[in-house]
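The values are calculated or read from the model by the stated rules, or taken from the named source; none is laboratory data. Here the structure is a predicted model, which is why all the values come from computation and not from measurement. Glycine gets a Cβ as well: all are built from the backbone with ideal geometry, and neighbour counts include every protein chain shown.
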Amino acid sequence: MILSDHIAAMIEKMLEEGGGRAEVRRNDLAQKLGCVPSQISYVITSRFTPERGYVTDSRRGGGGYIRIVRVQMSRSEYLMHFFQAVGSSLGEADAAAYLKNLTDHGIMTERESKLAAQAMTESALESCPAEKRDALRAEIFRRMLLIYMM
């Protein structure tokens, strides 16, 4: 297992033990894992994102921490959260993260997720100018979410 996977697994375990909430002290966790604190920060900022269903908050200083909360929402709140979070631009990797999250939470099936992902790939959108693809992808994603909101 690579270090970033190990860090993510430890944080996930902390979240499970804390009922969906964890306070991570970067220095303590880095020392425990034998890495530098910036590696902990990298994992948190790349894997524990709103697109993946997490909210983070940090406090700097000697007793500082990073608080991670797994978002608990109803189906309609979840869909509205994603609808608002997408904004006017959506990259292919972020779209994939949103779709995985929707699948993991039982809002869409694996098949529906794969269909939506294929509709938003770079190759599917290649007839659109490159500088407009992220905007088109965001629009496709929002319209797809509207179907689930009905």
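Of the helices (runs of 4 or more DSSP H) lying entirely inside the stretch 1-48, the ones with 1 or more residues being loosely packed, with under 13 Cβ neighbours inside 10 Å and among the hydrophobic types (A, V, I, L, M, F, W, C) are found at 3-17. When each of I40, I2 is tested for being hydrophobic (A, V, I, L, M, F, W, C) and touching a residue at least 24 places away in the same chain (Cβ under 8 Å), the lone residue that passes is I40. Restricting the stretch 97-109 to residues that are within 15 Å of M120 (Cβ to Cβ) and hydrophobic (A, V, I, L, M, F, W, C), which is surrounded by the fewest Cβ atoms within 10 Å (Cβ to Cβ)? Here the residue is A97.
I'd like the full set of residues that are touching an Asp or Glu at 6+ places or on another chain (Cβ under 9 Å) and on the phi > 0 side of the Ramachandran plot, limited to the stretch 1-59. Across the stretch 1-59, the qualifying residue is only G53. Out of the residues in the stretch 50-78 that are assigned to a loop (DSSP other than H, G, I, E, B) and either under 10 Å from the mean Cα position of the chain (by Cα) or of a type in the set (A, V, I, L, M) (or both), state the one that is farthest from A30 (Cα to Cα). Checked the stretch 50-78; the qualifying residue farthest from A30 (Cα to Cα) is M73. Taken over the stretch 79-95, the residue count meeting the criterion of being in a helix (DSSP H, G or I) and either of a type in the set (D, E, K, R) or over 16 Å from the mean Cα position of the chain (by Cα) (or both) is 2. Out of R25, R75, R60, I need the residue that is touching a Phe, Trp or Tyr at 6+ places or on another chain (Cβ under 6 Å) and among the charged types (D, E, K, R). Which one? Answer to the check: R25. Residue count for the stretch 72-101 under the criterion of being of a type in the set (A, V, I, L, M, F, W, C) and at pLDDT below 90: the result is 8. Within the stretch 96-122, the set of residues being outside any loop (DSSP other than H, G, I, E, B), over 16 Å from the mean Cα position of the chain (by Cα) and over 17 Å from I147 (Cα atoms) comprises just one member, Q118. Taken over the stretch 81-96, the criterion of being among the aliphatic types (A, V, I, L, M) and surrounded by fewer than 17 Cβ atoms within 10 Å (Cβ to Cβ) is satisfied by A85, A93, A96. Any residue that is under 30 Å from S123 (Cβ atoms), in the same structural domain as A130 (by TED's automatic domain parsing), touching a helix residue (DSSP H, G or I) at 6+ places or on another chain (Cβ under 7 Å) and of a type outside the set (S, T, N, Q) - is there at least one of those in the stretch 68-81? Looking for residues that are under 30 Å from S123 (Cβ atoms), in the same structural domain as A130 (by TED's automatic domain parsing), touching a helix residue (DSSP H, G or I) at 6+ places or on another chain (Cβ under 7 Å) and of a type outside the set (S, T, N, Q), one finds at least one in the stretch 68-81, hence yes. Among the residues making up the stretch 49-65, a single one is touching a strand residue (DSSP E or B) at 6+ places or on another chain (Cβ under 6 Å) and either among the basic types (K, R) or modelled with pLDDT of 90 or more (or both): R59.
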